[in-house]
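Reviewing the structure listed below.
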Ligand SMILES: [Zn+2]
C-alpha cells in the first residue's frame, strides 16, 4: 500500500474537530488496550490532531507532523512501524521465517507457508481481518504491519496462499515519511 | 488502569534508516557495515570478526610505521619509510596517508547508450576526478551541443553526466579544450562493452 507512497499522494491535511478527535482516540484505545496508558502522551489532548487524507482512501493520523496511525476507509487504525517499535506488545504477533524477510521487505503479502515453517510462528489468538505485527525469525523488531486475511488457526490448517496482507513495511513510503511538513 | 508500558528504543541505522538488525536486508548492506561495526557489533558477529582481523593488521602496521619513522628521526612521519620491513612495505605505503586506500584511476569514460532505436544518451563519467564541477560541466555540455544534459547518480552511486543524443565523437575535443587538466590520453570510450582509448 505504501510501496510508492510519498507526500505527493497527500490530498489534504486537516485539523479535526474535538468530537472526531475523541472518536479516533477511542477507536485506537479499543483496538490497542495496551496503548491506553500512554495515549495521553501520544495524542496529547492539547496538541492538534491532524488527519491526512491520501490517495486510495488512505488516512494518516498525525501529531506534531509525525504520522502515528493509518487506516483505510473506516477500517481499524494501525500504528506506524516506528510507533510499534516503541510499543511492541500492543499487537498480536505473527512471525515469518528468515527466507520470507526479503519478500516482505519488497512489499509482498505474507504467504501461509512462511508463517507455518519451522522459522515462523503464529499467535493462535489472532483472528481474521485484524491488524497484526509481522516479526521475523532471528529478529527482535517488527518488519511489517499486516492485516490478517484468515485466522491464525486457518493459516495453520489451510497453509497455502496469502495469509496476511502486507500493509506497511520497513523502508516503504510511509517508513520514509518520518515527518510530513 | 494498566501500568504505563515502557517505550522501547530501537537502534536505527543512520545509513539505511532500518533497525540495525535489518541492515543485512537493506538497500546497501556494504555501506552500513562501518557504522554497524562501531555501534552494533553484537548483531553481526561475523562482521566484527572480519574487521578485527583487519583492525589488528592495521594497528600492527601503524605500530611498525611509527616505530620506523621515529627511529629514523628525519621527521617524515607521513611518508612511507623507504627502508621499511619488506613484509609490510606495501601496506605501510598505503596506510599513513589513510585516505589513499583505493585510489581511483583518473580517467573520463564516455559511453553511448541507445534507447529505443533512434534515441540515445551519451554518458560521461569521471570528470569530477579532474576537479571539474559536474553541475557546471553538465550546463556547458548542454549548451555546446544544444541538448539536454543532467547530472545523475550512476549505477555505482557515482555521479555522472547524461547528455541526450549521440555526441560521442565531438565530445573529446570539447572536453580537452574546456578543461585543459583532462588529457586526451585519459579519455576512453566504451564500445561494444570494450574500453577504447580516445586518443
Ligand atoms: Zn543500515
Inset, instruction - Quick one: residue B:182 ticks every box in (1) at pLDDT below 85; (2) within 25 Å of the chain's Cα centre (by Cα) except a single one, so which number is it? - result: (1)
Legend entry - Qualifying residue in the stretch A:133-144 (condition: free of Cβ contacts under 8 Å to residues at least 40 places away in the same chain and either within 14 Å of chain B (Cβ to nearest Cβ) or out of contact with any strand residue (DSSP E or B) (no Cβ under 7 Å at 6 or more places or on another chain) (or both)): yes
Legend entry - Given (1) surrounded by fewer than 17 Cβ atoms within 10 Å (Cβ to Cβ); (2) away from chain B (no Cβ under 14 Å), index of the condition residue A:150 fails: (1)
Legend entry - Identity of the residue in the stretch A:105-127, within 14 Å of another protein chain (Cβ to nearest Cβ) and touching a residue at least 12 places away in the same chain (Cβ under 8 Å), that ends up nearest to residue A:1 (Cα to Cα): A:107
Inset, instruction - For residue A:5, indicate whether it is within 17 Å of residue A:170 (Cα to Cα), more than 14 Å from every other protein chain (Cβ to nearest Cβ), surrounded by 13 or more Cβ atoms within 10 Å (Cβ to Cβ) and touching a strand residue (DSSP E or B) at 6+ places or on another chain (Cβ under 7 Å). - result: no
Inset, instruction - Go through the stretch B:1-38 and give me each residue that's assigned to a helix (DSSP H, G or I), surrounded by fewer than 16 Cβ atoms within 10 Å (Cβ to Cβ) and either within 8 Å of the ligand (Cβ to nearest atom) or within 12 Å of chain A (Cβ to nearest Cβ) (or both). - result: B:31, B:35
Inset, instruction - Among what's in the stretch A:73-99 and is more than 11 Å from the chain's Cα centre (by Cα) and part of a strand (DSSP E or B), pick the residue that is nearest to residue A:135 (Cα to Cα). - result: A:95
Legend entry - Boolean, residue A:102 is in contact with a helix residue (DSSP H, G or I) (Cβ under 8 Å, 6 or more places away or on another chain), in a loop (DSSP other than H, G, I, E, B), free of Cβ contacts under 8 Å to residues at least 24 places away in the same chain and farther than 24 Å from residue A:8 by Cα: no
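The values are calculated or read from the model by the stated rules, or taken from the named source; none is laboratory data. Just so you know, these numbers come straight off a predicted model, no measurement behind them. Neighbour counts run over all protein chains shown; Cβ positions are idealised from the backbone, glycine included.
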